[in-house]
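Peer 1: Sending over a structure as C-alpha cells; questions will come in a sec.
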Amino acid sequence: MKITLKVWRQKNSKEKGQFETYSLNSVSEDMSFLEMFDVLNEQLIREGKDPVAFDHDCREGICGMCSMYINGRAHGPMQGTTTCQLHMRHFNDGDTIVVEPWRAEPFPVIKDLVVNRSAFDRIIASGGYVSVNTGNAQDANSLPIAKHIADEAFAAAACIGCGACVAACKNSSAMLFVSAKVSQLSMLPQGKPERESRVVAMVKKMDEEGFGNCTNTGACEAECPKEISVMNIARLNREYIRAALASEEDV
Amino acid sequence: MSLDAKIPEGPLDQKWIKYRSTIPLVNPANKRNLEVIVVGSGLAGSSAAATLAEMGYKVKVFCFQDSARRAHSIAAQGGINAAKNYQNDGDSVYRLFYDTIKGGDYRAREANVYRLADVSTSIIDQCVAQGVPFAREYGGMLSNRSFGGTQVQRTFYAAGQTGQQLLLGAYSAMMRQVGLNKIQMFSRHEMLDVVMIDGKCRGIIARDLVSGKIERHFGHAVLLCTGGYGNVFYLSTNAMGSNVTASWKAYKRGAYFGNPCFTQIHPTCIPVSGDHQSKLTLMSESLRNDGRIWVPKKQNDERKPTDIPEDERDYYLERRYPAFGNLVPRDVASRAAKERCDAGYGVGKSKMAVYLDFADSINRLGKNVIKERYGNLFEMYEKITGEDPYSTPMRIYPAVHYTMGGLWVDYNLMTTIPGLYALGEANFSDHGANRLGASALMQGLADGYFVIPYTIGAYLADEIRTKSISTDHPAFAAAEEEVTKRLQSFLSINGTQTVESFHKRLGKIMWDKCGMARSEEGLKEAIQQIRTLRQEFYTNIRVPGSAFEYNPELEKAGRVADFIELGELMCIDALQRGESCGGHFREEHQTEDGEALRHDNKYMYVSAWEFKGVEHDPALHKEELNYEVIKPSQRNYK
Ligand SMILES: Cc1cc2nc3c(=O)[nH]c(=O)nc-3n(C[C@H](O)[C@H](O)[C@H](O)COP(=O)(O)OP(=O)(O)OC[C@H]3O[C@@H](n4cnc5c(N)ncnc54)[C@H](O)[C@@H]3O)c2cc1C
Ligand code: SF4
Ligand code: FES
C-alpha cells in the first residue's frame, strides 16, 4: 500500500509545531500502525533527518503508553483499539492519514507526538488506592464478593490510563479516567472504608491539574480503547454527593 | 571471591521463619535517615518501594516509561500461582515447591524456592486487600485455573489481564507513598550506571530522558528491579523498551551474572507475519486449559484447518505426553512444536506454526464460557491476524518470552556487590532452567512485598552510622563522566546504519544459534559473529540528534550496545553448559526420543560470570546446588 502521512512535528514544549508530510510506498497490511512509524523513522534516520518521537512500549494494548490522534480520533478509527493494536489492513491504498499528539492543556507536548501525562499519576497519588500496608491483610477468601460485583469492578479497573478520554473531550475532562478508579474501589468491600475521602480528594486533584468539567458528551466512552463505560461517571457523581452528605452529617 | 549463597541453617520448612526473626531490626528513627534507590516500577519494584516506604525508609523510584504503571509487568496475562489449596485438590506449599524445582529441571536453589512457595499465599491476601479484582465464582470465592507443568488448580487470575491488575495494585500502594512524600518518583529516567564507593554500591547515575540531563543519586542501598532481557533476541513478547542495561552496568561494576543462557521460549505466541515485525504477542498459556494443539498428519497440507477431518490430525502433545497432554511445561511444548514444523508439518503461510484449537471446548462449554475466560485474548488475536479464533483455530509458534538468568543473588537477594540487590525477573531467580507459568508474577511480588523488606535489614542495620554521601564525591563525578562520554561516542560515530538494524542482526544470530536448540558448533560461530557485529556497531551506527534533548534513538543505542555484549556472554554460557536442561537444549545432549538430557554429575551448579573486560573472556564461578529434600530425576510428563 501507498500511504501519505501528515504528522505533527514539534521540537519541544516551548517551540511551535507544524505538520510535515511523508510518503511511504510499501506499507503491508499486516503491519501495525506503529510498525509503519518504525519504517518511516528508519527512512528518516537514513536520510539524516530527525525521526518522529512517539510513545509506545508494550504494543499489546495494555500499557497505555501509545497515544496518537489519528484522522481526528484518539487511537484512530477502530472501536476499542489502541494505536499499537491498530493494523494497516483497516486503511486503503493511497490514503492520507493525519497524525497528531493528544491535545489537552494538562498534557503538554514533550516532542512531536509525545505528551506529558504525569497529571494522571498525581491524581492516583491523591487517593486512588486502598490504605493497606503490606502484612495487614486477612485471608483472601474471608470476604466473599459477589461475582457480578467483582466483574464490574474488574471492568472499571481495566482502564489503561492512556488519556484518550481527555484528548477526545472538548473540555479536556478526565472524568472517565477518575471515575473508573473511584468506581472500582467503591464497589469492593476493601475500598469502602475510604470511599468518601477518596472521591473528594481525587476530584479536587483533577480540578487542580486543570482538567475541564464533564458536560456529558460521551466522547470519552466512544474513544476509550478499553470501552470503559460512562456509567462510571454516574457512579462517581453519586459517590461525590454521598460524600458531601456524609461530611454535612459530620458537622 | 567465593560464592556464598548465605542459606540459613535448619530444616527446609523452618529456614525462612527462623532466619526472618533473627535479622537485625532498624529502629524507626534510623530508617528515616536511610535512603533506598529502587530502579524499576514493575511488580518487583513497586511492591518493594511501597513496602520499604511504609516501613519508614526514604525511597526514590526510577522507571523509563512516562508512568510507573506502564512497567512491563502490566502485560502479563494468565495468572499468578499460590499454594492456597482453595480448590481442595491436594495443593500445598510443598507441592508448589516441588513443582517449581521439577519444572526448573533441578537447577534452582531449594531454600529460595521453598520460601517462594511459602510466602505465595500471603501475596494473594495482600492483593485482594488492595482491591485487586481477581476472578470469582458465583459463591463469591476466588476462582482458579491450571497452568502448564502442574496437576492442581492454583492459578489466580483476572481475565487475561492478571499482570495489569496486580501491577495497578502495587502501583497504587506505591503512589499512596508518593502522595505521603515518602517516595520520590522519577519517571522518564534511565539508570545508566551504579556508583561504587569503598567497595559498596552507593548510588546511581541516571539520565532524565526528557531534558537529557545526567543526574547523580545517592542511596545507602540500590535495588535493581529492571526486568528481563528477552529483547536480546530482537523479537520477543517483551515490551519494546525492556532491556538489560541496568543489570549490565552492575555486571561491569562487579556483580556476577547468573545462568545468562537460561531463556524461556513460550510455546503459544502469534507467529511472525513479515520483516516489519517489531515484537511478538503472547497468547497466554492458560489457553492450553481449553485449547488443543495439533498439526495435520500429512506434510505440507494446504487444506483449511476446519476441512481437515479429525483422524487426519496429529494432537502431538496428547500423543507424546498422555499424562500432561496439552499442559506440559513450556520448554517441552516449544520443542515439540519446533520438531513438527522442522519435519514439514507446520501450517500457515510461513509453515512455521501449529494450530491451537478451541472447537471442542466451545462445543462442550459454549461460546460464552470461552469468551468469559479468554475474551480479551481472542480479540487481541483477531486484531493482529484478522482471523476469528472462535470459528477457526489459532495459529501459534514459540517465541522468546522470559529470562530465567539474571544477576546472581544470595538468599538475601543481594548481588556480589554489597548494597546492590536484584529483584524480580532481573535476578537469576528461583526458576532454575525453566519457569512454570504464573510463577514470575508470584516471584516478583514475593521478592518485593515479603522478602526484601526483611533481608535488607541485614545490611542496613550496619549502615545506620553512614551519613548520606554527597554526590560531589569523586566516584559520582567519575561515573557521570563515563556515562557522558559514552553517549557522546554513540552520537559521534555518524555511520550509515540504524541502531535498529544492528538489533535485528543480533536477534537473528541469537535466535538461530542460541534459541530453542543450541550446538557447540553454532555457539562458537555465534560468538565470532557477535564480536564482528560489535566492532561494526561502534564504527557504523548513526544516531541522530543530541544528548541534551528527548532522543529515543540515543536510548536505543545504549540498550543495543549492551545487548550485543550480553549476547556474547549468553553464548559463552550456553557453550560451557554441556548438557540439556529446561529451556537450554543442546543438540548433542538428548535422549533417544528427543528429550532434554541432563548431566547432574557435572552441571549441578549455577554458573555465575565475572566481568573481566569487554575484550577478555569472563571468569566462571560455580555455585553448587545441593538437593537435600528433593531427589533429582529425569523430568517425566508422560
Ligand atoms: C506478554 C507476557 C505475559 C506474561 N504473563 C505472565 C503470567 O501470566 N504470569 C506470570 O507469572 N508471568 C508472566 N509473564 C512474566 C512476568 O510478567 C514478568 O516476568 C514480570 O512481570 C517481571 O516483573 P519485574 O518487576 O521483574 O520487571 P518489569 O515489570 O519488566 O519492570 C521493569 C521496570 O524496570 C524499569 N527499568 C528497566 N531498565 C531501567 C533502567 N535502565 N533505568 C530505569 N528504569 C529501568 C522499567 O521502567 C520498569 O519499570 C509474562 C510476560 C510477558 C512478556
Ligand atoms: S478511561 Fe479509557 S480512554 Fe481514559 S485513560 Fe482509561 S483506558 Fe484510556
Ligand atoms: S504500546 Fe502499550 S498500549 Fe499501546
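Peer 1: Can you tell me how the protein assembly as shown classifies by the Cα gyration tensor, rounded, prolate or oblate, using a/c under 1.5 as the rounded cut? Don't skip to the answer; put the middle values down first.
Peer 2: On the way: a/c = 1.13, a/b = 1.07, b/c = 1.05.
Rounded.
Peer 1: Select from region B:155-207 those trypsin sites (Lys or Arg not before Pro) which occupy a DSSP coil region and have at most 10 other Cβ atoms within 10 Å, ordered by residue number.
Peer 2: Loop-located and lightly packed - none at all.
Peer 1: Once both labels are modelled 7 Å past Cα along the beta-carbon direction, what's the residue B:630-residue B:349 spacing in nm?
Peer 2: 4.3
Peer 1: Can I ask one more? Against the longest principal axis of chain B, how steep is helix B:367-385, in degrees 0 to 90 to the nearest 10, with axes from Cα atoms?
Peer 2: It works out to around 70 degrees.
Peer 1: Which parts of region A:138-164 would a label at residue B:369 reach, counting a residue when its backbone N lies under 19 Å from a point 7 Å out along Cα-to-Cβ?
Peer 2: A:147-148
Peer 1: Quick one: grab the alpha carbon gyration tensor of region B:244-329, order the square roots of its eigenvalues as a ≥ b ≥ c, and give me rounded if a/c is under 1.5, else prolate or oblate depending on whether a/b is larger than b/c.
Peer 2: Prolate is the answer for region B:244-329, as a/c is 1.5 or above and a/b outweighs b/c.
Peer 1: Can you give me the angle between helix B:552-576 and the longest principal axis of chain B, using Cα atoms only, in degrees from 0 to 90, rounded to the nearest 10?
Peer 2: 70
Peer 1: While we're looking at this one, here's another question. What is the sum of charges, Lys and Arg at +1 and Asp and Glu at -1, for the other residues whose Cβ falls under 15 Å from the Cβ of residue B:205?
Peer 2: 0
Peer 1: Treating cross-link reach as a plain straight distance, find the aspartates and glutamates whose alpha-carbon is under 14 Å from the alpha-carbon of residue B:602, omitting any fewer than eight places away in the same chain.
Peer 2: Straight-line reach from residue B:602, under 14 Å: B:579, B:623, B:624.
Peer 1: Could you compute the FRET efficiency for residue A:241 and residue B:617, with r as their C-beta to C-beta distance and R0 at 56 Å, rounded to 0.05?
Peer 2: Step by step, r from the Cβ atoms, then E = 0.20.
Peer 1: Convex hull over the alpha-carbon atoms of region B:445-540: what's its volume per residue in Å³?
Peer 2: 207
Peer 1: May I ask you to list the trypsin sites (Lys or Arg not before Pro) in region A:168-251 that are in a DSSP loop and have at most 15 other Cβ atoms within 10 Å of their Cβ?
Peer 2: Taking region A:168-251 and a limit of 15 other Cβ atoms within 10 Å, the loop trypsin sites (Lys or Arg not before Pro) found are A:170.
Peer 1: Could you please rank B:360, B:91, B:105, placing first whichever residue has the fewest other Cβ atoms within 10 Å of its Cβ?
Peer 2: Details: B:360 12, B:91 22, B:105 25.
So the ranking, lowest neighbour count to highest, is B:360, B:91, B:105.
Peer 1: Under 25 Å between alpha carbons: how many lysine pairs meet that in region B:267-399, if sequence neighbours fewer than 8 apart on the same chain are excluded?
Peer 2: Final tally of qualifying lysine pairs is 22.
Peer 1: Taking other Cβ within 10 Å of each residue's Cβ, how do A:231, A:202, B:196 sort, fewest first?
Peer 2: A:231, B:196, A:202
Peer 1: Would you mind classifying region B:275-323 by shape? Square roots of the alpha carbon gyration tensor eigenvalues, ordered a ≥ b ≥ c; an a/c under 1.5 is rounded, otherwise it is prolate if a/b is larger than b/c and oblate if not.
Peer 2: Verdict is oblate for region B:275-323.
Peer 1: Another question, if that's okay. Considering only chain B, what is the antiparallel percent among its DSSP beta bridges, to the nearest 5? Let's see the in-between values first.
Peer 2: Numbers: 44 of 63 bridges.
Of those bridges, close to 70 percent are antiparallel.
Peer 1: Against the longest alpha carbon principal axis of chain B, how many degrees, from 0 to 90 and to the nearest 10, is the axis of helix B:330-342 turned?
Peer 2: The answer is roughly 50 degrees.
Peer 1: Could you tally the net charge around residue B:501, taking each other residue with its Cβ under 13 Å from the Cβ of residue B:501, Lys/Arg +1 and Asp/Glu -1?
Peer 2: 0
Peer 1: Rounded to the nearest 0.05, what FRET efficiency do residue B:492 and residue B:519 have when you use their Cβ-Cβ distance and R0 = 41 Å?
Peer 2: Using R0 = 41 Å, I get an efficiency of 0.55.
Peer 1: A follow-up question, please. Of B:84/B:200; B:504/B:638; B:15/B:102; A:6/B:508, which ones are farther than 28 Å apart at the Cα? Numbers along the way, then the final one.
Peer 2: On the way: B:84/B:200 40 Å; B:504/B:638 38 Å; B:15/B:102 21 Å; A:6/B:508 34 Å.
Beyond 28 Å between Cα atoms: B:84/B:200; B:504/B:638; A:6/B:508.
Peer 1: Kindly count the pairs of lysines across region A:118-250 whose alpha carbons are less than 18 Å apart, treating pairs on different chains or eight or more residues apart as eligible.
Peer 2: Close lysine pairs under the 18 Å cut-off: 5.
Peer 1: In addition: Once Rh is set to the Kirkwood radius over Cα pairs, what Stokes-Einstein translational diffusion coefficient, in µm²/s, holds for chain B at a temperature of 37 °C and a viscosity of 0.692 mPa s?
Peer 2: Once the numbers are plugged in, D ends up at 132 µm²/s.
Peer 1: How charged is the neighbourhood of residue A:100? Take every other residue with its Cβ under 11 Å from the Cβ of residue A:100, and add Lys/Arg as +1 and Asp/Glu as -1.
Peer 2: Net local charge, residue A:100 excluded: +3.
Every number here is computed from the coordinates shown, using simple stated rules; none is lab data. These numbers were taken from a predicted model, which means no experiment stands behind them. Positions of Cβ are generated from backbone atoms using ideal geometry, with glycine treated the same way; all protein chains shown enter the neighbour counts.
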